[in-house]
Amino acid sequence: MIDLDAEDIRILRALQDNGRMTNAELAETVGMSASPCWRRVRRLEADGVIRGYAARLSRRALGLGVLAYVSVEIADHGEAVTRDFEAAVADLDEVIACHQVTGGADYILTVVSRDLDSYADFANTKLRPIAGIKAISTSFVLKEAKAQGGLPV
């Protein structure tokens, strides 16, 4: 864990809100001069706190009307089966996140698709054929009450 001071936290909050701002804009936003701000950002990047910069896209604007959480149980918890499952899921564009979890499922996948028919096709032709899957259970999102945002810093 990296020790963050108040200036680091202001920088991180500002960049989570708008990762496209220039260093001059960032420095003004957080109340610093440009050079120290730039050095702090570079340090936060080098320390791995800032992993990169990306645009947040609207799945609906891209025609991805279905968001689902898929619970997956695997039949064998050996290292090879787990590694092969994770590698297979990593290659599926529809899977936007995969987490190994505790509880009834072994993995929770976050999946997007155009519509229910597209999801059914994905589940039947891409997900179910992955070796080692024991059971799949899908929960469809009816409403995004709070979409994933920035981390609490």
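The values are calculated or read from the model by the stated rules, or taken from the named source; none is laboratory data. Just so it is clear, the model here is predicted, and its values are computed rather than measured. As a convention, Cβ positions derive from the backbone with ideal geometry for all residues, glycine included, and neighbour counts pool all protein chains shown.
The number of residues in region 66-97 that are small (Gly, Ala, Ser) and either in contact with a strand residue (DSSP E or B) (Cβ under 6 Å, 6 or more places away or on another chain) or in contact (Cβ under 8 Å) with a residue 40 or more places away in the chain (or both) comes to 5. With respect to the conditions (1) assigned by TED's automatic domain parsing to the domain that holds ILE130; (2) exposed (fewer than 12 other Cβ atoms within 10 Å of the Cβ), ARG20 falls short on a single one, namely (1). Contact annotation: residue pairs with Cβ atoms under 6 Å, 6 or more positions apart or on different chains, pairing a residue in region 34-55 that is under 15 Å from ASN23 (Cα atoms) with a partner that is assigned to a helix (DSSP H, G or I) and β-branched (Val, Ile, Thr), are ARG40/ILE11. A single entry from ASP106, ASP91, ASP115 fulfils the requirement of being more than 27 Å from GLY78 (Cβ to Cβ) and assigned by TED's automatic domain parsing to the domain that holds GLU73: ASP115.
Could you tell me whether any residue of region 112-123 is charged (D, E, K, R), in contact with a Lys or Arg (Cβ under 6 Å, 6 or more places away or on another chain) and in contact (Cβ under 8 Å) with a residue 12 or more places away in the chain? No, because not a single residue in region 112-123 is charged (D, E, K, R), in contact with a Lys or Arg (Cβ under 6 Å, 6 or more places away or on another chain) and in contact (Cβ under 8 Å) with a residue 12 or more places away in the chain.
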